[in-house]
1. Considering only the stretch 180-202, I want to know if a residue exists there that is in contact with a helix residue (DSSP H, G or I) (Cβ under 8 Å, 6 or more places away or on another chain), closer than 30 Å to residue 58 by Cβ and open to solvent by less than 80 Å² (accessible area, probe 1.4 Å).
2. Which of the numbered conditions does residue 113 fail, given that it passes all the others? Conditions: (1) at pLDDT 95 or above; (2) out of contact with any Asp or Glu (no Cβ under 8 Å at 6 or more places or on another chain); (3) open to solvent by less than 30 Å² (accessible area, probe 1.4 Å).
3. Since residue 160 meets every condition but one in (1) out of contact with any Cys (no Cβ under 9 Å at 6 or more places or on another chain); (2) of a type outside the set (Ser, Thr, Tyr); (3) assigned to a helix (DSSP H, G or I); (4) at pLDDT 95 or above, which condition does it not meet?
4. Starting from residues that are of a type in the set (Gly, Ala, Ser) and in a helix (DSSP H, G or I), keep the ones in the stretch 175-199 and report whichever is farthest from residue 213 (Cα to Cα).
5. Within the set of pairs 6 or more residues apart or between chains, which connect a residue that is closer than 14 Å to residue 136 by Cα inside the stretch 151-176 to a residue that is among the small types (Gly, Ala, Ser) and open to solvent by 30 Å² or more (accessible area, probe 1.4 Å) with Cβ atoms less than 8 Å apart?
6. What strands (runs of 3 or more DSSP E), lying completely within the stretch 1-103, carry at least 3 residues that are free of Cβ contacts under 8 Å to residues at least 60 places away in the same chain, under 27 Å from residue 160 (Cα atoms) and out of contact with any Asp or Glu (no Cβ under 8 Å at 6 or more places or on another chain)?
7. Considering 136, 89, which residue is among the charged types (D, E, K, R) and within 21 Å of residue 193 (Cα to Cα)?
Amino acid sequence: VRAYIRAHREKNTVAADLWNALSEASGEDVEPIVRAWIEQPGFPCVSLRRVERKGRIALELHQTRFHARAPRGAQGPASARWPIPWVGRVGRKETHRHLLTKARETVPLQGSAPFLYGNAEEGGFFRPLHDAAELRRLTASFGKLAPIERMGLVSHQWAHVRAGHAPIESLLEVVNALGNETDPDVLGTLHAPLGFIADHIAPEAGAATLVRYREWLVDRFRKPLSE
């Protein structure tokens, strides 16, 4: 950035000048990656699913444009694609990097991969969507995720529920796994979705459902509430 400012001081520039400066400094071709993020509307959802290839575990990544609500009418090109620098957490200590450029790609994995989280350290500008089997592995290993990743999973899962991409039960599974959570930032992330359910969803199912929901919350979060 400093080289770019020096080279174009008191001059007119275009975006490509900055991309060229970043490419020279990093040794990577930046413009093909950056251009799509600037010129296309929206941002992607990256779905993750384990597959088996020749007896070895692989990860299938599928990118689509994320819609906060079900699309109605023109929502931009259906074929929108982003070059996504994807970094996922594979188990507690390992991460895996891959530049996702196609709609669907398969990434080979090493070892047994006890669980996969689709946005390590929340460093990517996309929403990961884990299938039901992977979500169960994640909730069973919540303590091995960083706090920011636990916060991210709550936020992403709630966004997918509201968008109609995942059932509300999937969010409640995540919430249930956080019953012993002590990090105040992670607990704070639960406030909006749990409050929305209490105010808008549970009452529509009847007064008895709302009572049971509140009792479940108190019982599940008894430990952090008492500390």
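1. Within the stretch 180-202, none of the residues are in contact with a helix residue (DSSP H, G or I) (Cβ under 8 Å, 6 or more places away or on another chain), closer than 30 Å to residue 58 by Cβ and open to solvent by less than 80 Å² (accessible area, probe 1.4 Å).
2. Among (1) at pLDDT 95 or above; (2) out of contact with any Asp or Glu (no Cβ under 8 Å at 6 or more places or on another chain); (3) open to solvent by less than 30 Å² (accessible area, probe 1.4 Å), the lone unmet condition for residue 113 is (1).
3. (1)
4. 188
5. Close Cβ pairs satisfying both conditions: 170/132.
6. Ranges flagged: 56-65, 84-90, 94-100.
7. 136
The values are calculated or read from the model by the stated rules, or taken from the named source; none is laboratory data. For clarity, every value in this text was computed on a predicted model and none was experimentally measured. Note: ideal-geometry Cβ built from the backbone for every residue, glycine included; neighbour counts use all protein chains shown. SASA here: full protein model, heavy atoms, side chains in, ligands and nucleic acids out. Shrake-Rupley method; radii C 1.70, N 1.55, O 1.52, S 1.80 Å.
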